[in-house]
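Trainee: Sharing a structure here in C-alpha cells format.
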Amino acid sequence: MNEERFGEFVLVRRHEQGRVAELVLDRPKAMNAVSTAMARSIAGACTALGEDRDVRVVVLTSTHERAFCVGADLKERNSFSDADLVRQRPVTRGAYTGVLEVPVPTVAAVHGFALGGGFELALACDVIVADRTAVVGLPEVSVGVIPGGGGTQLLPRRVGAARAAELIFSARRVEAVEAGELGLVDQVVEEGRDREVALELASRIAGNSPVGLRAAKRALRLGQGLDLRAGLEVEDAAWRAVAFSGDRAEGVAAFNEKRKPEWPGE
C-alpha cells in the first residue's frame, strides 16, 4: 500500500494494486472541518484520481475516531469579510463537485458525526456505508445559511422531496439506525467496521471491467432527472461506448472459457 499527500489534510492510500484508492480526510484536530486549504486539497485529489486509469473505485474515509466530517470550518468563516466569503465559495464548491464528478464508483465510510458539508461529501458518493455511531444531518439553516455543497439537490434524489424538506428545514440530526431506515445511508454496520466494509465493497467492485464501471456511472448520473425516453438514450450512448471495447471482448471470452477476466481497461 502506498500513500500520497495532497496538502496537509488529505491523504490518498492505494489498495488492490492501485485499483482501489482511499481518499482520507485527515484533519483530526478539527474533526475534519473543511477549511479553504482542505477544500482545495480534496478537489486536487479527486482530479488526480479521476485521471488515473488504474483506479476503479474510490473510498472516502476519515482518520478521526468520532467524526467523518463536521462540515465547514466555522471558526475560519467567523474571521471572513463578505469579500473573503465570496472568494472562498468556488474553492469550497470545488471540493464537493470534485467528489461528485469522480468518474469511477465512490463509497463513503461514515462513522460519528457527518454533518452539513460532511454529510454532503458522503452524499456526493454513490454508496454510503455507516457504522452504528454515525450521526448525519444538514443543519445549515440553524446557523443562518443553507446546504451549499449539493445537499438541497442530492438529498431529495435519495429520499424524495418531502423527506428532504423535513430534514433540511428542521436541521435535525439523524442517528444511524433511522438514517438507514430513511435511506440517508445505504448500509449500517457494527461500530468500527465502516471502513472495513466499504473497502470490502470496493474490492468487489474493482474486480469488474474498468470501462464498464465508468460507463455505468456515467449513465446513472446523466440519466437522473430525465424522463424515461431521454434516460434510455443516455444508457444507449453509454452502452455503445463499451460494446466495442477491449473489456467487452475480454469479458465475453473469459465467460466462455470459464476463467477470471484480465481487463485491458480500454
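Trainee: Could you check which residue among ALA109, ALA216, ALA130 shows the biggest mean-square fluctuation in a GNM of the chain with a 10 Å Cα cutoff?
Mentor: It is ALA216.
Trainee: Could you give the angle, 0 to 90 degrees to the nearest 10, between helix 210-223's Cα long axis and the longest principal axis of the Cα atoms of the chain?
Mentor: Between the helix axis and the principal axis of the chain, the angle is about 50 degrees.
Trainee: How large is the accessible surface of THR152 in square angstrom, using a 1.4 angstrom probe and rounding to the nearest 10?
Mentor: About 50 Å², rounded to the nearest 10.
Trainee: Less than 25 Å apart at the alpha-carbon level, and either on another chain or at least 8 residues along: which lysines does that give for LYS217?
Mentor: Reachable lysines: LYS260.
Trainee: In degrees between 0 and 90, to the nearest 10, how far off the longest principal axis of the chain does helix 246-256 point, with axes built from Cα atoms?
Mentor: 60 degrees
Trainee: Name the aspartates and glutamates eligible as straight-distance cross-link partners of LYS258: C-alpha to C-alpha under 13 Å, and not fewer than 8 places from it in the same chain.
Mentor: Within the straight-line cut-off, LYS258 pairs with GLU250.
Trainee: Further question on the same structure: So with the 1.4 Å probe, I'd like the accessible area per residue for segment 94-158, rounded to whole Å². All intermediate terms of the calculation are to be shown ahead of the outcome.
Mentor: Details: 1910 Å² over 65 residues.
Solvent-accessible surface per residue comes out at 29 Å².
Trainee: Oh, and also: Kindly report, to the nearest 10 Å², the accessible surface of ARG218 as traced by a 1.4 Å probe over protein heavy atoms only.
Mentor: 110 Å²
Trainee: With label points built 7 Å along Cα→Cβ from the Cα atoms of THR47 and LYS29, find their separation and express it in nm.
Mentor: Taking the simple label geometry, THR47 and LYS29 are separated by 2.7 nm.
Trainee: For segment 3-207, give the percent of accessible area contributed by carbon and sulfur heavy atoms, probe 1.4 Å, rounded to a whole number. If you can, show how the numbers build up before the last one.
Mentor: On the way: 4600 of 9110 Å².
Summing carbon and sulfur atoms, their accessible area is 51 percent of the total for segment 3-207.
Trainee: Quick check on the chain: helices-only [θ] at 222 nm, where DSSP H runs of length 4 and up contribute -39,500 (n - 2.57) each and the sum goes over total residues. Nearest 500, please.
Mentor: Helix contribution divided over all residues of the chain: -14500 deg cm²/dmol.
Trainee: If you work out Rg and Dmax of the Cα atoms in Å from the coordinates, which of (1) 21.4, 69; (2) 17.6, 54; (3) 18.9, 65 do you get?
Mentor: Answer label, from the structure shown: (3).
Trainee: Relative to a virtual label point 7 Å from the Cα of GLU200 in the Cα→beta-carbon direction, which members of segment 126-164 show backbone nitrogen distances below 12 Å?
Mentor: Within reach of a label on GLU200: no residues.
The values are calculated or read from the model by the stated rules, or taken from the named source; none is laboratory data. None of the values given here were measured: they were computed from a predicted structure. Methodologically, a virtual Cβ is constructed for each residue, glycine included, from the backbone with ideal geometry; neighbour enumeration extends over all protein chains shown. All accessible areas refer to the heavy atoms of the entire protein, side chains included, with ligands and DNA or RNA removed. Shrake-Rupley method; radii C 1.70, N 1.55, O 1.52, S 1.80 Å.
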